[in-house]
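Following: one structure in structure tokens, then a few remarks.
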Amino acid sequence: MTSHKGLRRYRCFLVGLLLLCCLPSQGYAERILLATPHNRLVLQADPGQQLQLLYYGEDIEGVPSFEEESGGRACLPTFGDIDAVLLPALLVQHADGDLNLELRVQDTEYSVQTDYEEAVITLRDKVQPFTLRLFYRAWHNTDIIETWYEITHTEKHPVRLQRYDSGALPFTGEDPHLVHMHGDWAAEAVPTVERLTRGVKCIRNTDGARNAHLDAPEVMIALDGAPQENYGRVIGAALCWSGNFEIRLSTQSALSASGLLTSAYRLFAGIDPQASEYVLAPRQTFTTPHLALSFSPEGMGGISRAFHRWARTDGMLHNGMATRDILLNSWEGIYFDITEERILAMMDDIAAFGGELFVMDDGWFGGKYQRNSDNAALGDWGVDTRKLPRGLKALTDAARERHIKFGIWLEPEATNTTSELYEKHPEWVLQVRGRDIKLGRGGTQLVLDMTNPKVQDFVFNLIDTLLTNNPEIAYIKWDANASIQNYGSLYLPKDKQSNLYVDYHLGLLKTLERIRAKHPEVVIQNCASGGGRANYGLMPYFDEFWVSDNNDPLQRVYIQWGTSYFFPSNAMAQHIGGSPYVMTGRTTPVKFRCDVAMSGRLGMELQPAHMTDEERAQCTTAIHDYKELRELIQLGNLYRLLSPYESAAGPEKQQVASLMYVSDAKDHAVLFAYGLSSFMRQAGHRIRLAGLEPERTYTLTEKNIRHGEQPCALHGRSFTGAYLMSVGLDIPLSTEYNHDYPSRIFELK
């Protein structure tokens with residue numbers, strides 16, 4: 001018997017074969033089906049007509065068939081076309097001043113690749129020599145469909161792209177709610193939930209160099225009421241772009257097919273058009289960022305798992321199926337006070353803990369100007385021999401001798417006015433001719449002009465030379481601590497200054513492509529004052545990102561919770577910090593700090609020389625146990641069980657957060673539970689697990705047991721998956737610990 005999945009693939013093949021046989025398309029109706037394992041998207045691509053979206057959603061029995069499906073809405077509404085009453089996704093000014101755009105289907109292509117199937121629809125304006133190639137790519141391994149387009153024209157003079165959203169998805173729902181991430185530096189990724197009401201909701205970022213500190217370029221839409229974690233129809237969308245973006249949600253009145261007044265919804269996502277009118281020369285091609293879409297009937301968790309799998313298996317995370325090393329980063333341990341003696345001592349410490357990598361952070365470089373604070377020497381990437389008299393080779397040799405790897409910090413896109421680089425090349429920084437330069441971090445920091453090929457070469461040569469001369473460097477922490485404050489480029493011509501925000505990131509991507517082509521094996525962390533660049537525009541070139549500069553474990557529970565909505569755990573760098581924590585002054589148990597950090601890519605960010613014996617013993621246990629669970633935590637399927645935002649808080653009911661990872665085979669899982677409030681005689685929470693096989697029996701083993709204590713009563717007990725998911729467990733978070741912030745980790749087999 002043909003499976004449902006196999007039948008869908010067969011139908012896709014037939015549709016593709018039909019399209020291939022009929023190209024070029026002339027004079028007949030065409031419908032295009034694109035299918036992922038559980039989603040499908042149907043397009044109406046009639047030659048000479050506007051391209052229509054007929055259906056996007058779950059691939060289940062009972063949705064309209066190919067033969068029955070009717071009605072649709074424009075895939076890409078353009079200013080001046082039939083849907084002019086709606087918001088446009090694309091608005092251009094032609095060379096002759098014409099602002100109208102009426103795109104009609106010219107031809108279609110369909111192909112099936114090893115990992116995906118793809119449809120390309122060529123659209124051409126009815127009057128102007130303006131062409132758009134619209135792409136839809138459906139991945140075979142996960143429920144993600146990407147869309148983007150290429151613009152070309154042969155008009156006599158440049159065309160000005162005034163708005164160029166990557167996609168515009170119409171959708172329906174009974175009571176749609178929007179979920180988006182809002183935050184700030186050291187307080188990233190706070191989920192914000194709001195009901196969609198009539199009008200336009202706009203989410204945008206205008207930092208210039210980073211785009212995820214305040215509002216992130218990813219959203220979820222719960223279609224039938226307030227979003228739920230593990231059930232309910234949800235759409236997820238992520239704009240794969242590292243610069244300024246704008247996401248709009250439009251809710252308008254409309255008449256249904258039966259004549260009833262209803263609401264029409266549409267999602268728009270693309271590069272922010274403010275100060276970004278893109279000047280496109282004749283025969284030049286402009287490609288929009290990809291917009292990734294997913295649909296799930298399994299609530300927000302279903303969307304998260306789809307995006308995590310896509311990141312790991314389909315190239316949206318560099319070396320996505322690799323597990324990451326356990327590291328010690330020097331920053332919060334010694335800050336700028338780097339000496340060879342201190343670095344070697346910290347290497348000894350991480351090796352003794354059982355760690356695998358040491359990363360030397362800011363402060364190691366400088367020549368004429370020394371790097372003792374953030375106000376000097378950026379761009380002068382020679383080793384400061386006053387601090388490290390034997391250079392980097394002595395450190396990489398020392399790491400090898402200790403059987404660990406060595407990593408290093410860089411901020412390649414920036415410089416200080418107090419630097420030899422700036423003295424030699426003042427024209428390389430972003431600036432406005434004739435205006436005073438605005439200075440950033442430390443009162444001297446400036447952003448280099450990545451639109452300039454000479455600057456791109458400088459950044460590439462910096463990385464290439466560093467890695468070529470020091471082949472044992474295994475890890476780079478790539479930081480970006482400055483926004484674009486000077487809107488101007490001495491490289492771009494005066495009639496293309498509005499290309500700056502876009503061309504900066506295109507130049508950055510071009511540089512990263514060169515680096516990755518030559519050095520694919522080096523692990524590179526994407527850091528931007530913490531999570532300022534957590535986006536899928538850059539992640540294909542990075543192995544992980546720094547979730548936040550804030551290592552306070554209580555706040556990290558919240559930050560990591562929101563970040564996990566779209567990003568997989570092996571990309572989320574999570575470190576054990578010191579206590580009391582430098583930013584918040586909060587004192588927390590070392591076990592709690594370890595357990596919070598263990599739910600992602602585990603690392604340490606402190607000075608081991610200041611640790612107590614208890615802290616050393618607990619961290620050693622945590623690292624040992626993490627190694628046994630690492631593949632499951634970093635590559636498993638995430639189920640968020642109890643949200644820190646929703647569980648009760650107060651004297652009567654304990655506030656709890658809980659999550660778990662489950663293997664694909666569902667025979668192995670790990671459960672994390674964190675108590676976030678502590679009062680005497682406070683009731684706990686029964687935690688219902690998810691993602692298990694109901695018929696199987698699972699045995700619990702407590703991990704990272706608190707130093708000096710015995711495992712809790714659940715240790716060694718066995719339960720069926722049905723019991724764990726329906727009845728759940730009373731996790732002892734307040735009865736046996738006589739302190740704040742209790743936590744437990746259990747392995748299930």
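Bear in mind these aren't lab numbers, they're just calculated from the coordinates by the rules spelled out. Quick caveat: nothing in here was measured; it's all calculated off a predicted structure. Note that we place each Cβ from the backbone using ideal geometry, even for glycine, and neighbour counts take in every protein chain shown.
For the chain, the relative contact order is 9 percent, taking Cα pairs closer than 8 Å that sit 6 or more residues apart in sequence and dividing their mean separation by the residue count. Along the axis of the charge dipole computed for region 4-313 (Cβ charges of +1 for Lys and Arg, -1 for Asp and Glu, origin at the Cα centre), the listed residues Thr313, Leu223, Gln44 are led at the positive end by Thr313. The stretch between Asn470 and Lys749, if pulled fully straight at 0.36 nm per residue, gains 96.1 nm over its current Cα-Cα span.
Projected label points at Lys393 and Thr620, each 7 Å from Cα along the beta carbon direction, are separated by 3.5 nanometres. Amide H contacts under 5 Å for Thr418: Ala377, restricted to partners 5 or more places along the chain or on a different chain, H placed in the peptide plane at 1.01 Å from N. Only helical runs count toward this figure. For the chain, summing -39,500 (n - 2.57) over DSSP H runs of n ≥ 4 and dividing by all residues gives -6500 deg cm²/dmol at 222 nm.
If you sort the three axes of the alpha carbon gyration tensor as a ≥ b ≥ c, you get a/c of 1.5 or more for region 464-582 and a/b no higher than b/c, which makes it oblate. Take every Cα pair under 8 Å whose residues are at least 6 apart in sequence, average their separation, divide by the length of region 566-720, and the relative contact order is 18 percent.
Under the convention that each Lys and Arg Cβ holds +1 and each Asp and Glu Cβ holds -1, the size of the dipole of the chain around its Cα centre is about 160 debye. Shown for the chain are the DSSP H helices of 30 Å or more along their axis, judged by Cα atoms, with a mean Kyte-Doolittle hydropathy of at least -1.0: 613-635. Kindly identify region 4-313 as rounded, prolate or oblate by the Cα gyration tensor criterion: order the square roots of the eigenvalues as a ≥ b ≥ c, call it rounded if a/c is under 1.5, otherwise compare a/b with b/c, prolate if a/b is larger, else oblate. Verdict is rounded for region 4-313.
Taking region 266-309 and a reference point 7 angstrom along Cα→Cβ of Gln497, the backbone N atoms nearer than 14 Å belong to 275-277. About its Cα centre, region 4-313 has a charge dipole of approximately 260 debye under the convention of +1 per Lys or Arg Cβ and -1 per Asp or Glu Cβ, with nothing else charged. For the peptides 99-108, 36-45, residues were scored by their other Cβ atoms within 10 Å and the scores averaged per peptide; the highest-first order is 36-45, 99-108.
Per residue, the convex hull around the alpha carbon atoms of region 601-644 comes to 110 Å³. Each other residue within a Cβ distance under 14 Å of Pro471 adds +1 if Lys or Arg and -1 if Asp or Glu, for a net charge of 0. Over region 4-313, Cα pairs under 8 Å with separation of 6+ residues give a relative contact order of 16 percent. With the highest mean first, a sort of the peptides 710-723, 229-242 on other beta-carbon atoms found within 10 angstrom per residue produces 229-242, 710-723. Bridging of Lys424 to lysines at a Cα separation below 16 Å is possible for Lys368, Lys454, once same-chain residues fewer than 8 apart are set aside. Under the shape rule built on the C-alpha gyration tensor, where the axes satisfy a ≥ b ≥ c, region 656-749 is prolate, since a/c reaches at least 1.5 and a/b is greater than b/c.
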